[in-house]
Amino acid sequence: MKALRKSIAFTCILVAWPLLAAGYLLPLVKLTKLKFFSETPSLLSVIAGLSNEKDYFLAGILVVFTLFFPITKLTLLSSIAISSSEANSPIARLLARLGKWSMLDVMILAIGVYAAHQSGFAAAASQVGAWCFTASILLTAIAAELLPTHKKAAAPSQEPAASKQ
């Protein structure tokens, strides 16, 4: 059963990498202005646009939570999947800490699409890049759940007899 879980996790990781790249490069949202003009920026072009407009705070938030965070988590999962490291390794502990922020990157993406849609100036619809990005994050979460990333605490009845004295 352990080998099956690891192979499913490994498959999820293998599929998540190209989906993440596609999520960065493919159109994220379609913004239609005045029924005639439309834009389809990718996630990377949104970050570049924010930087060009000197909105460094928002660009930084996007870089951390949509670039750095998913790549880091997927890299750590990949290293656990291909190695035979212990479940209590430093990498596994870091991954367990990152897991608490698991879907924040997708939420930030959804808030951006919603804000563009509600602005009234442009109609917004999610595109294939948003779906690829979300699929990658979900596959990463599934892989993290399947891999042994933390040690289970021993039940009190399993303590050695010497420690009870």
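The table below gives the values:
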| item | result |
| --- | --- |
| Given (1) closer than 18 Å to Ile137 by Cα; (2) of a type in the set (Lys, Arg); (3) not in a helix (DSSP H, G or I), index of the condition Lys73 fails | (3) |
| Complete set of residues in the range 8-32 that are among the aromatic types (Phe, Trp, Tyr) and over 14 Å from the mean Cα position of the chain (by Cα) | Phe10 |
| Of all residues in the range 109-127 being under 18 Å from Ile47 (Cβ atoms) and surrounded by 12 or more Cβ atoms within 10 Å (Cβ to Cβ), the one that is modelled with the highest pLDDT | Gln127 |
| Any hit, the range 93-108, residues being within 22 Å of Ala124 (Cβ to Cβ), at pLDDT below 85 and not in a helix (DSSP H, G or I) | yes |
| The range 10-43: number of residues that are modelled with pLDDT under 90 and either β-branched (Val, Ile, Thr) or in contact with a Leu (Cβ under 8 Å, 6 or more places away or on another chain) (or both) | 9 |
| Odd one out for Thr72 among (1) surrounded by 15 or more Cβ atoms within 10 Å (Cβ to Cβ); (2) among the β-branched types (Val, Ile, Thr); (3) at pLDDT 85 or above; (4) in contact with a Leu (Cβ under 8 Å, 6 or more places away or on another chain) | (1) |
| Selection count where residues are in a helix (DSSP H, G or I) and surrounded by 14 or more Cβ atoms within 10 Å (Cβ to Cβ), scope the range 26-48 | 5 |
| Evaluation of Gly49 against (1) under 25 Å from Ser126 (Cβ atoms); (2) of a type in the set (Gly, Ala, Ser); (3) at pLDDT below 85 (one fails), failing number | (3) |
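The values are calculated or read from the model by the stated rules, or taken from the named source; none is laboratory data. Predicted model only: the values in this text are computed from it and were never measured. Heads up, the Cβs are rebuilt from the backbone with ideal geometry, glycines too, and the neighbour counts pull from every protein chain shown.
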